[in-house]
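Below is one structure, written out as structure tokens; the observations come after it.
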Amino acid sequence: LFTSGGIGPTHDDLTMEAVANAFHQPLQPHAELIAHVEGRLPDESRSSARMKSILPMCVLPSEAKISVHPNLFFPLVTVGNVIILPGVPHLFRRKFESFKDRYQGAPVHSLHFYTRADESTFASELGQIQARWPAVEVGSYPQRTEDGWQAMLTLDSRDAEALEACASEVKSMCERLKTH
């Protein structure tokens, strides 16, 4: 789970408090984070107003972990399965780039089809297709258009071959339903 924003030093930055509440942990100064930040500041800034404004950002849920990256002033903070990211777009991007490789896996392949048929006319068959292809997530999403209703059928899978085989069946079904 990723959060974005609400981690600065102002009164309205409440993300750490929310994460602490979600994990039933108290907020407390994180000694390792404070030492890291102090080590990155010039000597004259350690006792300045700047350091005093940074210290509230060093109060974290008690079981928070930090990951220091050489290109980042402020380390990545995680609590359990929550990765806490800044809301400023360029800072979010830099921080995300610092850890994204940890979460790489096989890519998810996606396809979609449209039909003007009512979901009730294909629900059973679509369910049977899904049962034959458990490695593929099959979804149906009705949408209102200018010309009436249509359903978008989505197929997502890490298994490209299973996706293609399932797509072949969904495409045949859609053709029988006179889709576009």
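The values are calculated or read from the model by the stated rules, or taken from the named source; none is laboratory data. Source: prediction; values computed, not measured. With ideal geometry, Cβ positions are generated from the backbone for all residues, glycine too; neighbour counts draw on all protein chains shown. Remember, those area values only see protein heavy atoms, side chains included, never the ligands or the DNA or RNA. Shrake-Rupley method; radii C 1.70, N 1.55, O 1.52, S 1.80 Å.
Scan region 2-36 for residues that are on the phi > 0 side of the Ramachandran plot, touching a residue at least 40 places away in the same chain (Cβ under 8 Å) and either out of contact with any Leu (no Cβ under 6 Å at 6 or more places or on another chain) or of a type in the set (Val, Ile, Thr) (or both) and report the count.
Within region 2-36, residues that are on the phi > 0 side of the Ramachandran plot, touching a residue at least 40 places away in the same chain (Cβ under 8 Å) and either out of contact with any Leu (no Cβ under 6 Å at 6 or more places or on another chain) or of a type in the set (Val, Ile, Thr) (or both) number 1.
Residues checked against (1) aliphatic (A, V, I, L, M); (2) in contact with a strand residue (DSSP E or B) (Cβ under 7 Å, 6 or more places away or on another chain):
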{"position": "Ala35", "(1), (2)": "yes, no"}
{"position": "Gly39", "(1), (2)": "no, no"}
{"position": "Lys65", "(1), (2)": "no, yes"}
{"position": "Val77", "(1), (2)": "yes, yes"}
{"position": "Leu85", "(1), (2)": "yes, yes"}
{"position": "Arg93", "(1), (2)": "no, no"}
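Can you tell me which residues in region 46-71 are closer than 18 Å to Gly6 by Cβ and surrounded by 14 or more Cβ atoms within 10 Å (Cβ to Cβ)?
Ile54, Leu55, Pro56, Met57, Cys58, Val59, Leu60, Pro61, Ala64, Ile66
What pairs come out if I take residues in region 37-64 that are of a type in the set (Ser, Thr, Tyr) and pair them with residues that are at pLDDT 85 or above and open to solvent by 70 Å² or more (accessible area, probe 1.4 Å) whose C-beta lies under 8 Å away, six or more apart or interchain?
Here the result reads Ser62/Pro26; Ser62/Leu27; Ser62/Gln28, each pair linking region 37-64 to a residue that is at pLDDT 85 or above and open to solvent by 70 Å² or more (accessible area, probe 1.4 Å).
Sort out which residues of region 1-31 are surrounded by 15 or more Cβ atoms within 10 Å (Cβ to Cβ), assigned to a helix (DSSP H, G or I) and touching a helix residue (DSSP H, G or I) at 6+ places or on another chain (Cβ under 9 Å), and write them in order of number.
Residue satisfying the conditions is Met16 alone.
I'd like to know if region 80-90 contains one or more residues that are out of contact with any Cys (no Cβ under 9 Å at 6 or more places or on another chain), more than 14 Å from Thr3 (Cα to Cα), surrounded by 14 or more Cβ atoms within 10 Å (Cβ to Cβ) and of a type in the set (A, V, I, L, M).
No.
Tell me, which strands (runs of 3 or more DSSP E) wholly within region 108-162 include 2 or more residues that are open to solvent by less than 20 Å² (accessible area, probe 1.4 Å)? Give the steps one after another, and end with the answer.
On the way: elements: 109-115, 137-145, 148-157.
Where strands (runs of 3 or more DSSP E) fall fully within region 108-162 and carry at least 2 residues being open to solvent by less than 20 Å² (accessible area, probe 1.4 Å), they are 148-157.
Can Ser98 be described as modelled with pLDDT under 95 and in contact with a strand residue (DSSP E or B) (Cβ under 9 Å, 6 or more places away or on another chain)?
yes
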